[in-house]
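First the structure, in the form of structure tokens, and then the observations on it.
The values are calculated or read from the model by the stated rules, or taken from the named source; none is laboratory data. These figures come from a predicted structure and were not determined experimentally. Counting neighbours? That spans all protein chains shown, and the Cβs are built from the backbone with ideal geometry, glycine included.
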Amino acid sequence: MHPLTPQSPPSTGVNRRLFLTLCGTLAASAAVAGPALAAAPPSSRIAGLISRMTLEEKAGQLSCFTDVVRWSLTFINPTVNPAVKEQQMADVRAGRVGVLMNGFGIEGGRRLQKAAVEESRLGIPLVFAGDIMHGYKTAFPIGLGEAASFDTALAERTARAGASEATAEGVHWNFAPMVDVGRDQRWGRVAEGAGEDVLLNARMAAARVRGIQDGDLRRDDTMAATAKHFAGYGAVSGGMDYNTVDISEATLRDIHLPPFKAAFDAGAPTTMAAFTVLNGVPSTANPWLLQQVLRKEMQFKGPVISDYAADAELIVHGFAADERDAVRIAFLAGVDISMQSGLYNKHLPALVRDGVIPMAAVDAAVGRVLALKESLGLFDNPYRSLDPEAPAKRIGTAEKRALAREAGARSIVLLKNDGDLLPLRQGTRIALIGPCARGTDNLVGPWAFFAQADSIDLESGLRAALDGAAALTVTPGCGYEQPLAGGIEAALAAAAGADVVVLAVGESQDMSGEAASRADIGLPAAQLALVEAISRSGKPVVAVLRHGRALALPPALQASPAILATWFLGSEAGHAIADVLLGKVNPSAHLPVSFPLVSGQQPFHYSHLGTGRPDDPAGQNHRFKARYREASNAALYPFGHGLSYTRFALSGLQLSSARLAWDGRLSVRATLRNVGARRGAQVVQLYVRDELASMARPVRELKDFLRVELDPGESREVAFTLQRSQLGFTGLKGRTLTEAGAFTLWIGDSSLGGLTAGFTLLPG
Ligand code: BGC
């Protein structure tokens, strides 16, 4: 018997069925959610509490609101239920609130918690939630940028650092990581996840969960993670945020669910339902998704929270007749906690009294919420993460800033470096030009509302790195989306007096992230004009791009001899970019999203299914081929691409056998050598294609990767192992299939080219 399963019901007058249901919930959540929950003591306390709760108190535990008592971030979202501070305190005392979100601070947190624990009838502690997506006061690179590092240990460390800071100001539950696969760069939220690939998303998801929770939820500096948004949100039609998702079940299972599974396996105890419709049914109202897939198949035992007022939005969808109907549908579908609409408080009790919603279902949902609170140690120590001395010790420390700088530099992708223009040498006269050159307003990225104002912009980073201030001029040239009077003339004059132009262009913070979808992922017209003018200046140009997605680069920018993709890098952005520009750090990141030739190729990803008429981008005859008239369907820079200041050579591909037995393992080896002049890291990638299958299969799929660091002249064997479990896919009717037959594999430094060999999976 599991240590969490008590032998007999406690003597608190608890109904036996309820007790057993809850024991099951707790034991199972311990088993599924990993070591953190397993460490929690057995709880007759929860069953006892539920037996004493009124229906109104139960609905309260299932309600989450924006924390308006502390600093309020209601500007993030439309305010559906704006409670004034006094009203919120009263609601807490009355047991009408179980979860508060996006409020920070010790004093207010203690006041709120005191109201819950000492002034409410049952003394149930609040759990404080927050969106700590890429750091808190110290901002780290956006999720997409950090994914470019292909470095899961780094993702774990930044998630850990974000948790350490956020818990210092009273957050227990993180609405992160965002694990949605983003294959359409028009979708602004591609910035939050790990890009277009399933495996990279899954590994980053697990790493982030490990970092947030650190294997022990009860500690003062760890938070519970949320894998969001369940499920398929990344596949919104046309890349437009909140839009319909209409995908096959195979696509859902093979592309969108694996990162959730990885996050759950790593111990994420909660999930959030997506705003979107999945194949005709809103996720918030989808019992097949939330019960059959999530609970039954994935064995997920923790609470499911709605996204912001998504239950109320069922009415706008035309899916629920009115508020009461919306609560009935969302709750019965499997949404335990209602975020922000207040509708569960309003309608759940009557729905139970009228026999529409069974009390046992409400008790099970409340049990899951209380189990989360218990796993966080909140019953024993409700003032955890509210230590007045913690902020000074943990927020913005030199260590965290150093990590932000390291993570920033590790996330920068060197897309192009003709003639080894980079790194720049000291003494080079630099004209830093462009809207991203100066200013901290648009530096840290779309989810860093909380970041401290002392972020480092590119100008400050470069000034600190250059030996003489005289070597640098700074000229904006234009705004992000607006021309500046005389801007281009001033930029050209600055270029004329310099040896090299560093052209800092790209997106402002509000051009990516939630509700920031773009119909065109190129540069705005004002920046295009600047780029074109500078490209005619005759000076060598290093383009430094800032962005929350892959961009479609205009020809004038493509022609720059050197191009760096720098995303939104966080608090130390300027230092990190200067480190790479001047060669203090050798770039080692690789693209987690393909850069297309033109916007109209979206959705674009390397791992698309084969067609009967594949294009041959290098060939002569393009008629009647799968391509656009204006551009081949290749990437400008493919997924996985990234250069270094040194060069690597991969050779000697060897398979342990040309045949993989059904239950066997195939070892794939090659030698990586640093053939350049400086130490550097390479990301070696293993791709596979199933050559003949009963469903169309991707032209390539990433199956493994390794980050290897080598000194000049050093070589190392890289080794991967392949087995049948990595070769399966979803067939018709949702069945998982693995089919014997021929496969091709590649190992290389991007999703194009590489060393290749074939092997056969033998039948079982
Ligand atoms: C977002 C979620 C977020 C929530 C709370 C929503 O608009 O979709 O990802 O957790 O707001 O801030």
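Observations on the structure shown:
- Flag if Asp387 is among the acidic types (Asp, Glu) and closer than 28 Å to Val505 by Cα: no
- The selection criterion, being within 16 Å of the ligand (Cβ to nearest atom) and in contact with a His (Cβ under 6 Å, 6 or more places away or on another chain), does not hold for Met339.
- Test: residue in the stretch 283-306 that is within 16 Å of the ligand (Cβ to nearest atom) and over 19 Å from Ser63 (Cα atoms): no
- Count of residues meeting criterion [assigned to a loop (DSSP other than H, G, I, E, B), more than 11 Å from the chain's Cα centre (by Cα) and not hydrophobic (A, V, I, L, M, F, W, C)] in the stretch 162-195: 7
- Residue within the stretch 382-398 that is buried (at least 22 other Cβ atoms within 10 Å of the Cβ), within 17 Å of Pro587 (Cβ to Cβ) and touching a helix residue (DSSP H, G or I) at 6+ places or on another chain (Cβ under 6 Å) present: no
- Going through (1) among the hydroxyl-bearing types (Ser, Thr, Tyr); (2) surrounded by fewer than 24 Cβ atoms within 10 Å (Cβ to Cβ); (3) in contact with a strand residue (DSSP E or B) (Cβ under 8 Å, 6 or more places away or on another chain) one by one, Thr251 falls short only on (3).
- Conditions (1) in contact (Cβ under 8 Å) with a residue 12 or more places away in the chain; (2) under 30 Å from Tyr136 (Cα atoms); (3) surrounded by fewer than 23 Cβ atoms within 10 Å (Cβ to Cβ): number failed by Leu523: (3)
- In the stretch 210-238, the residues that are in contact (Cβ under 8 Å) with a residue 12 or more places away in the chain form Cβ pairs under 6 Å with partners that are more than 13 Å from the ligand (Cβ to nearest atom) and assigned to a strand (DSSP E or B), at six or more places apart or across chains, as follows: Leu217/Ala224; Gly232/Val245; Gly232/Leu278; Ala235/Val245; Val236/Val245.
- The set of residues from the stretch 261-276 being in contact with a helix residue (DSSP H, G or I) (Cβ under 7 Å, 6 or more places away or on another chain), hydrophobic (A, V, I, L, M, F, W, C) and within 16 Å of the ligand (Cβ to nearest atom) comprises Ala263, Ala268, Ala273, Ala274, Phe275.
- No other residue among Ala404, Ala431, Ala371 is in a strand (DSSP E or B) and either within 16 Å of the ligand (Cβ to nearest atom) or buried (at least 23 other Cβ atoms within 10 Å of the Cβ) (or both) apart from Ala431.
- Which numbered condition Ser460 fails, given (1) assigned to a loop (DSSP other than H, G, I, E, B); (2) modelled with pLDDT of 95 or more: (1)
- Of the residues making up the stretch 145-161, one or more are within 16 Å of the ligand (Cβ to nearest atom) and either part of a helix (DSSP H, G or I) or closer than 22 Å to Ser306 by Cα (or both).
- Options Gln654, Gln558: the member that is in contact (Cβ under 8 Å) with a residue 24 or more places away in the chain and polar (S, T, N, Q): Gln558
- Among residues of the stretch 657-673, those that are surrounded by 14 or more Cβ atoms within 10 Å (Cβ to Cβ) and basic (Lys, Arg), counted: 2
- Filtered residues of the stretch 230-248 (kept if away from the ligand (no atom under 13 Å from the Cβ), part of a helix (DSSP H, G or I) and surrounded by 24 or more Cβ atoms within 10 Å (Cβ to Cβ)): Ala235, Gly239
- Taken over the stretch 328-346, the residue count meeting the criterion of being part of a helix (DSSP H, G or I) and either farther than 13 Å from Lys58 by Cβ or among the basic types (Lys, Arg) (or both) is 7.
- Number of positions in the stretch 43-60 that are surrounded by fewer than 18 Cβ atoms within 10 Å (Cβ to Cβ) and either within 35 Å of the chain's Cα centre (by Cα) or acidic (Asp, Glu) (or both): 1
- Leu199 meets the stated requirement of being surrounded by fewer than 24 Cβ atoms within 10 Å (Cβ to Cβ), at pLDDT 95 or above and either aliphatic (A, V, I, L, M) or not in a loop (DSSP other than H, G, I, E, B) (or both).
- Here Val316 fulfils each of the conditions (1) within 16 Å of the ligand (Cβ to nearest atom); (2) surrounded by fewer than 18 Cβ atoms within 10 Å (Cβ to Cβ); (3) in a loop (DSSP other than H, G, I, E, B) apart from (3).
- Restricting Ser512, Ser508 to those that are touching a Lys or Arg at 6+ places or on another chain (Cβ under 8 Å), farther than 15 Å from Lys539 by Cβ, among the small types (Gly, Ala, Ser) and touching a residue at least 24 places away in the same chain (Cβ under 8 Å) reduces the list to Ser512.
- Residue in the stretch 184-195 that is over 23 Å from Gly445 (Cβ atoms) and crowded, with 24+ Cβ neighbours inside 10 Å present: no
- Tally, over the stretch 128-149, of residues that are charged (D, E, K, R) and touching an Asp or Glu at 6+ places or on another chain (Cβ under 6 Å): 1
- Candidate set: the stretch 203-229, residues that are within 16 Å of the ligand (Cβ to nearest atom) and among the hydrophobic types (A, V, I, L, M, F, W, C); chosen: the one farthest from Ala263 (Cα to Cα): Met223
- Residue among Leu553, Leu523 that is part of a loop (DSSP other than H, G, I, E, B), out of contact with any helix residue (DSSP H, G or I) (no Cβ under 8 Å at 6 or more places or on another chain) and closer than 25 Å to Ala635 by Cα: Leu553
- For Ala361, the stated conditions hold: it is surrounded by fewer than 16 Cβ atoms within 10 Å (Cβ to Cβ), of a type in the set (Gly, Ala, Ser), away from the ligand (no atom under 16 Å from the Cβ) and within 24 Å of Lys301 (Cα to Cα).
- Leu414 touching a helix residue (DSSP H, G or I) at 6+ places or on another chain (Cβ under 7 Å), over 30 Å from Leu278 (Cα atoms), away from the ligand (no atom under 16 Å from the Cβ) and not in a helix (DSSP H, G or I): no
- If you go through the stretch 73-105 and keep only what is closer than 14 Å to Gly130 by Cβ, crowded, with 17+ Cβ neighbours inside 10 Å and either more than 16 Å from the ligand (Cβ to nearest atom) or modelled with pLDDT under 90 (or both), you end up with Leu73, Gly105.
- Residue that is nearest to Lys703 (Cα to Cα), among those in the stretch 606-661 that are polar (S, T, N, Q) and in a strand (DSSP E or B): Gln654
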